[in-house]
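Reading through the structure tokens given below for one structure.
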Number of protein chains: 2
Amino acid sequence: MLGLVAGGSQAATTVDGYAAVDPFIGTAGSGHTFPGATLPFGMVQVSPDTDTPNFKHAYAWAAGYQYGDPTIKGFSQTHFSGAGHSDLGDVLLMPMAGPVRTEPGQADQPGSGYRSRFSHRSEQAHPGYYAVTLDDNHVRVELTATRRVAVQRYTFAAGQAGHVVLDLRSSIYDYPGKTLWSWIHIRPDGVITGFRETRGWAPGRQLYFALRFSHPVTGHQLLDTEPTPLYGGFAPPAAHDPSARPAIQGRDLEAVFDFGDLQGKPLVAEVAISDVDEAGAIANLQAETPDFDFDKVHQQARQIWQQQLQPFQIQAPAAMQRSLYTALYHAFIAPNLAMDVDGRYRGPDNQVHQARGFNFYSTFSLWDTYRAEHPLLTLLQPPQLTADIIHSMIASQQSSPYGILPVWSYAGLENWCMIGYHALPVIADAYMKGIRGFPLDQALQAMQASAEDPAYGDLKDYMKMGYVPIDHEPEAASKTVEYAYDDWTLAQMATAMGRSELAKQFIARAGNWRNVFDPASGFFRAKLSDGRFRTPFDPAAAGYGSDYTEGNAWQYSWYVPQDIAALIADQGGNTRFVQKLDQLFDAKVPPGAFANVEDISGLIGFYAHGNEPSHHVAYLYDYAGQPWRTQERLSQIVDSQYGIKPDGLVGNDDLGQMSAWLLFTAFGFYPVTPASNQYVIGRPFVERADLHLPNGKTFTISASPMDAAHPYVGQVTLNGRPLERLWLSHQELEAGGELHFRMQAHPNRQWATAPAARPYAMSADKYQP
Amino acid sequence: MLGLVAGGSQAATTVDGYAAVDPFIGTAGSGHTFPGATLPFGMVQVSPDTDTPNFKHAYAWAAGYQYGDPTIKGFSQTHFSGAGHSDLGDVLLMPMAGPVRTEPGQADQPGSGYRSRFSHRSEQAHPGYYAVTLDDNHVRVELTATRRVAVQRYTFAAGQAGHVVLDLRSSIYDYPGKTLWSWIHIRPDGVITGFRETRGWAPGRQLYFALRFSHPVTGHQLLDTEPTPLYGGFAPPAAHDPSARPAIQGRDLEAVFDFGDLQGKPLVAEVAISDVDEAGAIANLQAETPDFDFDKVHQQARQIWQQQLQPFQIQAPAAMQRSLYTALYHAFIAPNLAMDVDGRYRGPDNQVHQARGFNFYSTFSLWDTYRAEHPLLTLLQPPQLTADIIHSMIASQQSSPYGILPVWSYAGLENWCMIGYHALPVIADAYMKGIRGFPLDQALQAMQASAEDPAYGDLKDYMKMGYVPIDHEPEAASKTVEYAYDDWTLAQMATAMGRSELAKQFIARAGNWRNVFDPASGFFRAKLSDGRFRTPFDPAAAGYGSDYTEGNAWQYSWYVPQDIAALIADQGGNTRFVQKLDQLFDAKVPPGAFANVEDISGLIGFYAHGNEPSHHVAYLYDYAGQPWRTQERLSQIVDSQYGIKPDGLVGNDDLGQMSAWLLFTAFGFYPVTPASNQYVIGRPFVERADLHLPNGKTFTISASPMDAAHPYVGQVTLNGRPLERLWLSHQELEAGGELHFRMQAHPNRQWATAPAARPYAMSADKYQP
């Protein structure tokens, strides 16, 4: 415990944040989280895979596990937390007692193959620990992890021979031909190493592993199940005797390891991974798990997670408290370390590089996470983490064949998912908040190169014409408005660094959103290269290939985070703006309207809380001088979109973005415009939150009465003095202090409604270059 | 010139060995040599590929070029010299003037696609240089090389735009699915890098390259011609604009580079390769070709080859002289350097390793080359080369998943072609000859581990039963007799190193050939695990899956190089042995008898000079006291099996083994038993050969009269004293001196016929442990 009980205004007892986390939240439906074990920002995520249907039907299994499934196929070492599109599920292990079964079996035929039925009653999950009993396989399985090593403990039913199947064929988002090449070696020292190269989300991804068991392997089989391929090689020795081979290579490999009857003694399996090479995996294994002490690793994992969560003392109604600690847990899973113990990592050129002076991180879902996840990390995590993240991004840019900062990358590789160059707001936001420890000039250089990349997202036309023409590039309206915001963040940083020429150039680009604004309809629309808007136009139309990215005109037409005042003006002023916001939330949307866009979920009218373009929208009433309407919409969203059951996330957690939204919102403020250093005030959902910040200061949020009967903000004080504005600065949070909300049953239509009280960004004189 | 004119007994003028080489010898029919440019033991072999039919019909195109083909498809950077089975043909470049043609076209439709007709009249080839004019493409192409960089010079017809197609799809021994993954990057500095991973002879082989041109690329296309694959990724930027992409990845990649009209100025392309990574290829490029000076590289290549060939001053009838210098050239092509300039290389575990204190070599066709090629290198090349080769083999053994020394390996990887563990005779032969500079204990350890590998070639049964049983393992008779010889070489080395226990164990194994000798038929035959010979038995039957490896009982029953005296005794004595030898050579073999075994060629009766099991057989008459019969057979073989036309090699040159046979034979002696330090005397085919050995001594062979009318040895003197035995020791050669043969028209049935004059190995008391 961290001594949080001392101090006058603090609670008398500490909240056990670790115990409040429920890793099952988000594992049913669209949350796409996994229940298994990982460390904060760790490299392995060891977790059960219940079903891994092929590519075309895999959306629900993006994290390998769906709570409703009756069987577990095995325990793989890598998982995304909350991704939409997916990959990973590497190095699947499945233990069993009794006869060996080498085929995975059918997901809809429980008990077939090596998969096993299980009961949720036998499951246990805490941060860094997961356990389940496999009914058909007669094994108790426990999982824990260090940063780079997954540790699995199997207790086989006594009196039966124990086996472990290693299936390199299994993959999340699988399809024929996904595995390009793979191999397994049984080394003389008993360590089993392997390699798998896949053509998945990031094509050509190489994953190496080193696996060892706490008990001697008494027998093994190395199998290649590919139907005899046309092949230019000679058969290796022992090709026809799976039990005599010390090595195998191919595309459909599987191994079986036998242990005999262990008489109830548990078997520990340690699996280290590396993106670099076999030696890297072995070194990771040796560095992080020198012995087979599962309990020690589990206890370390628990302590590490406790240290992550305990500084944030949150008191709230029980369900909210559980949601919020789980959200903290989910927000602290990614980005992920993607570097071996010796500092080597793989870059977007698929080549090995050496990190010098920083830790290399990857798993950047930046279209999602620049909004609230990264701002949350800058606030709650030590600045070194963000400095390392930015350093990693710069290093990636420098070895990228495109010379561009990460868009959506993992394992160091780029997968080109989504749009924009949203590494820029992440870097600029951190810089504006005073985070240093990365090469500043290289950062700015990398940002500019990304924003001017002639091969990326039709930036060529964008730079020439001021917008992306839809006849040259799909999703052109979304791209134009997001590029314009990213440009503004570069201008912010350039200004602060005294690079006024560069700032001027990009502040001009930041106004490009106007080029796709259609005053007639009040929507952002895609323009053709001849300057006309594309017709016909349907503001409800959505989907890939339309004018918008995962959204429609209703959802995308609020996107000018850098200059909402100007957007309001263009929309015809505050009243018309609020009317239009209400139309968004109150629209009657036919069921199935977004059946073709699986990421659009969590609908309130056309507002889609399950997808990121909506995330800042509820806060926009503030900008029109009606903060009580923001408060109403937040209540509506929080009540309907979050829960503490497995289906408690209405959309993909998106590597922490959904969770970060809830955390900020529950604390009473949200970073509508990263890189502005402003947080926009909404309404809190906690009774009290003591945020012990990395700088040693404590920022406390308190609210009373906190109940459903008092959903409106009556008054706000900051350090005891009334706050008559709708925003806080990052400096105010970092200074520590107490933000108190007096809640009330009815709207306070007087508080902070004056124009001067409203949040600003680009429009404010002080941010002009 | 090396000042070879001085000295009393030497010729008055130097022979220009470099000029005598004809790289086209072996390029028609079964020789499988290539006419392109390479340095001695170099890493690149840049050469034209005329046709690359798919896997099933590729045998004749093992080196990419067949002299009879009417078109050239392009110029790739890697080729085997004389291999049977094949691979390589990496990074095909094809220049053209005029309109771009991106498809390869049909080999049987000259002028289709980017392939071009050519005339042999326009071809020029010398060691390290090749040139041709492409009629349809309007380009003069010249090739030369450093060790790791191929340099190509193109002179396009003036007035037409020049282009270069890079086709990563092209491969020698190709078939659908051979390319597992590949990519091309155009780097900001203009260097083009790339990668190809193939499932060929050595599955999972990774090849990297770095390519740059002497003139700016004015336009480019990066193309992926794979029909839209089911694919889990998002399209990268510029996916639909081949001219805007800076990078591409996939399985069927091609690039086109445009240069505009160069007005007759030549374009130089430099291509460095690396087995390690992109940085390795770039570093190799920068280290070896800092500028675009084709002429300088060409001159370097010429000087290096001259320095290799000039120490061996051979005077012989013109055709023989040409054959012999070409044989020296072919014998000095492989093994190949397989290490980047920084010492990194890829091992048989497909992982990157660092060579410390040695140069890493690969391309070991050991079943072929242990016989005469490696013994030739120990005699004619500096001992450092063989020390490096052995060091490379030991390093490979230490990183092999099987823990075994190379069998047939290239690019550091193992392809498991052929049988035996013939790295042992290579190491033991070198050791017995006094070559040091490699770790001796590790060498012996690696040799023993290879000879006891339980996963390899049924050594488990061989060690238990004394033979390989045919019901457990194919080609069991061949394996047993070859294992026994390899065992003897280990015993030789162990004895010399004072490891008498180990020697004893392996000298016992060296007698295992007796376990498959059938006294009834006089043949080696495959035994079943119950101890009986397999029936039915046909001594003429051959082919994969039979009792023998690329051979039949007639061809394999002479294989006891370590104890030919014992074999003669078992065969019933000298007379019956000679009768049986005559039956071999004089057998009436129906045409097409070996149609199913493409490697068996060069038939004289059942004697197959085109394949290695026959190579020592002509010398066996010596052992039965009839050296004039050996002399007759050698005349018969040399007359019928070698020539100076493109079809002048009757079988695969096998990485120099066919050439090494001719060289030794022409000098008058042959290493029937590597690791015995004995060379068995046949008859010479040179008038005079001054071998300036690496130790500074000169060993001279002279013979007179040297003409077809005097095919028999009348008398032999060594340093002026009559030699009354049928062998020379390695020490005698190394001491320098002159071996003179007086040739005569009729057999000398008296010379060296006494038992004491005969070559020995195991039977001699001095080699018993």
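Once you order the gyration tensor axes a ≥ b ≥ c over the Cα atoms, which shape class does the range A:30-145 get: rounded for a/c under 1.5, otherwise prolate or oblate by comparing a/b with b/c?
Judged from the Cα gyration tensor, the range A:30-145 comes out oblate (a/c at least 1.5, b/c at or above a/b).
Work out, step by step, the length gained on full extension between A:Ala496 and A:Ser119: first 0.36 nm times the residue separation, then minus their alpha carbon distance; give nm to one decimal.
130.1 nm
Going by alpha carbons, how many degrees (0 to 90, nearest 10) lie between the helix axis of A:627-641 and the longest principal axis of chain A?
For A:627-641 against chain A, the angle is about 20 degrees.
Taking 0.36 nm per intervening residue step and subtracting the Cα-Cα distance, what contour gain separates A:Gln384 from A:Asn719 on full extension?
Taking 0.36 nm per residue and subtracting the Cα distance, the gain is 117.8 nm.
Suppose every K and R has +1 on its Cβ and every D and E has -1 on its Cβ; what is the size of the dipole of the range A:169-233 about the Cα centre, in Debye to the nearest 20?
160
Please determine, in degrees from 0 to 90 and to the nearest 10, the orientation of helix A:294-309 with respect to the longest principal axis defined by the Cα atoms of chain A, where the helix direction is its Cα long axis.
0
From the label point of B:Arg534, set 7 Å from Cα along Cα→Cβ, how far away are the matching label points in the other copies, in nm, ordered shortest to longest?
6.8
With the cut-off at 19 Å, tell me which of the pairs A:Lys56/A:Lys645; B:Lys527/B:Lys580; A:Lys265/A:Lys296; A:Lys178/B:Lys178 have Cα atoms farther apart than that.
Violating the 19 Å Cα-Cα cut-off are A:Lys56/A:Lys645; B:Lys527/B:Lys580.
Calculate the dipole size of the range B:136-249 relative to its Cα centre from +1 charges on Lys and Arg beta carbons and -1 charges on Asp and Glu beta carbons; express the result in debye to the nearest 20.
Dipole of the range B:136-249, to the nearest 20 debye: 440 debye.
Given the DSSP H assignment, sum -39500 (n - 2.57) over each helix run of at least 4 residues in chain B and divide by its residue total; what's the result at 222 nm in deg cm²/dmol, nearest 500?
Helices in chain B give a 222 nm mean residue ellipticity of -7500 deg cm²/dmol.
Please work out the average accessible area per residue across chain B, using the 1.4 Å probe convention, and give it in Å².
30
With solvent modelled as a 1.4 Å probe, how much accessible area in total do chains A and B shield from it at their shared surface, in Å² to the nearest 100?
The summed interface area works out to 4300 Å².
Give the lysines whose C-alpha is closer than 24 Å to that of A:Lys504, dropping any in the same chain fewer than 8 places away, or say none.
Candidates past the 8-residue exclusion: A:Lys433, A:Lys460, A:Lys464, A:Lys479, A:Lys766.
If you place +1 on the Cβ of every Lys and Arg, -1 on the Cβ of every Asp and Glu, and leave all else neutral, what size is the dipole of chain B about its Cα centre, to the nearest 20 Debye?
Its charge dipole is roughly 1360 debye.
In nm, to one decimal, how far is the modelled label at A:Ala508 from the one at A:Asp586, with both set 7 Å along Cα→Cβ?
4.4
Measure nothing but the geometry: give the 0 to 90° angle between the long axis through the Cα atoms of B:574-586 and the longest principal axis through the Cα atoms of chain B, rounded to 10°.
30
Which one of A:His391, A:Gln381, A:Met465 is farthest out on the positive end of the charge dipole of the range A:376-465, using unit charges on Cβ (Lys, Arg +1; Asp, Glu -1) and the Cα centre as origin?
Towards the positive end, the residue furthest out is A:Gln381.
Does the range A:40-95 come out rounded, prolate or oblate by the C-alpha gyration tensor, with a ≥ b ≥ c the root eigenvalues, rounded set by a/c under 1.5 and, if not, prolate when a/b is larger than b/c and oblate if not?
oblate
Translational diffusion coefficient, Stokes-Einstein: compute it for the range A:420-497 using the Kirkwood radius over C-alpha pairs as Rh, at 37 °C and 0.692 mPa s, and state it as an integer in µm² s⁻¹.
Answer, rounded: 254 µm²/s.
When N counts the residues of chain B, how does its alpha-carbon radius of gyration compare numerically with 2.2 N^0.38 Å, as a ratio?
0.96
Which of rounded, prolate or oblate describes the range A:687-741 when judged by the alpha-carbon gyration tensor and an a/c cut-off of 1.5?
Taking the square roots of the gyration eigenvalues as a ≥ b ≥ c, the range A:687-741 is oblate.
Per the Kirkwood definition applied to all pairs of different Cα atoms, how many angstroms is the hydrodynamic radius of the range B:294-409?
15.9
Relative contact order (percent) for the range B:652-769, with alpha-carbon contacts under 8 angstrom and 6 or more residues of separation?
23
If the label for A:Lys697 sits 7 angstrom from Cα along the Cα-to-Cβ line, what are its distances to the same label in every other copy, in nm to one decimal, shortest first?
Label-point distances to the other copies, shortest first: 8.7 nm.
With the label 7 angstrom out along Cα to Cβ, how close does A:Gln579 come to the same site in each of the other copies, in nm, nearest first?
12.0
Sticking to Cα atoms, compute the Rg of the range B:173-290 to one decimal and its Dmax as the biggest Cα-Cα distance, whole number, in Å.
Spelled out, the Cα radius of gyration and Dmax of the range B:173-290 are 15.4, 47 Å.
Using 1/(1 + (r/R0)^6) with R0 = 51 angstrom and r between the beta carbons of B:Phe537 and A:Ala318, what's the FRET efficiency to the nearest 0.05?
Taking R0 as 51 Å, the efficiency between B:Phe537 and A:Ala318 is 0.05.
Could you give the C-alpha radius of gyration of the range B:74-138 expressed as a fraction of 2.2 N^0.38 Å, taking N as the number of residues it contains?
Against the compact-globule rule of thumb, the ratio is 1.23.
Principal axis lengths of the range B:456-609 from Cα atoms, whole Å, largest first?
51, 35, 28
Apply the Kirkwood formula to the protein assembly as shown: the hydrodynamic radius equals the inverse of the mean of 1/r over all pairs of different alpha-carbon atoms; give it in Å with one decimal.
Result for the protein assembly as shown stands at 36.0 Å.
How high is the FRET efficiency from A:Ala520 to A:Asn596, r the C-beta distance, R0 35 Å, rounded to 0.05?
According to the calculation, E is roughly 0.80.
Over the range A:662-705, calculate the relative contact order: mean separation of alpha carbon pairs under 8 Å at least 6 apart, over the residue count, as a percent.
Computed value for the range A:662-705: 31 percent relative contact order.
Give me the distance in nm between label points sitting 7 Å out from Cα along the Cα-to-Cβ direction at A:Met463 and B:Ala708, one decimal.
7.6
Give me the extension gain from A:Gln303 to A:Asn54: residue separation times 0.36 nm, minus the current Cα-Cα distance, reported in nm with one decimal.
85.9 nm
Relative contact order of chain A: what whole-number percent is it, with Cα pairs under 8 angstrom and at least 6 residues apart?
12
Jot down the per residue volume, in cubic angstrom and as a whole number, of the convex hull over the alpha-carbon atoms of the range A:632-766.
Considering the Cα atoms of the range A:632-766, their hull volume per residue is 132 Å³.
Among the residues of chain A, which one places its Cβ closest to the rotation axis that maps chain A onto chain B, and what is that distance in whole Å?
A:Leu180, 2
The values are calculated or read from the model by the stated rules, or taken from the named source; none is laboratory data. Please read all numbers here as calculations on a predicted model, not as lab measurements. Neighbour counts run over all protein chains shown; Cβ positions are idealised from the backbone, glycine included. The protein model used for the area step is the full one, side chains on, heavy atoms only, and it has no ligands, DNA or RNA in it. Shrake-Rupley method; radii C 1.70, N 1.55, O 1.52, S 1.80 Å.
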